[in-house]
């Protein structure tokens, strides 16, 4: 069955290093996903000052860093899943993949932070306006729902459209150098294994990852090839 044209648009924006920020525009809403870095987000707000909701896939500053600023400028509420650690940022164990991450950022192009970045970025998110739960919808039309995907962090989520088979994967699935794969920085391996099986059962045609460019997912097995 051929799907009709979707009643929304998706805009892709670069952010810190290989990070990406996404905007879902429907007839009545503009939902911003992972506004990570102030100097990258401010140009977005010039084109879309009427943001209605800020969705965070998890609490790492390259994904949530500019959320308080966007909230201040637009009054859009910030929503995210509950975190198991309210006192500190959840950081995966340091190992050789840290080197690979830094190398990927270098290849993607470092930038010089502006003074406004230091003044406006939130390295740790103090609070959110509402907690998202597995199965919640983030839009009024009920097209995009929350899929709880802990493993990278306890509060990691993906945003999924069953009808249009689209997945905003946060850092659960990444695409550095156009090589889609599961993220390798993990805080809980059992949770992440459960998450992998959960996502593999979804019908997905296109992935909008937290790092790297969007890509078509022809088979979940491709995520294990790199």
For the stretch 9-224: relative contact order, % (alpha-carbon pairs under 8 angstrom, 6 or more apart): 18
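Can you put 145, 163 in order, fewest other beta carbons within 10 Å first? Spell out each step's value before the answer.
Numbers: 145 18, 163 14.
In order of increasing Cβ crowding within 10 Å: 163, 145.
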A student asked for the Cα radius of gyration and Dmax of the stretch 125-198 in angstrom ought to give 13.0, 35
Please report, in whole Å, how far the alpha carbons of the chain spread along each principal axis, starting with the longest. 44, 44, 33
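No value in this document is a laboratory result; all are computed from the given coordinates. What you are looking at is a predicted structure, and each value in this text was computed from that prediction instead of being measured. Please note: Cβ atoms are built from the backbone with ideal geometry, for glycine as well, and neighbour counts cover all protein chains shown.
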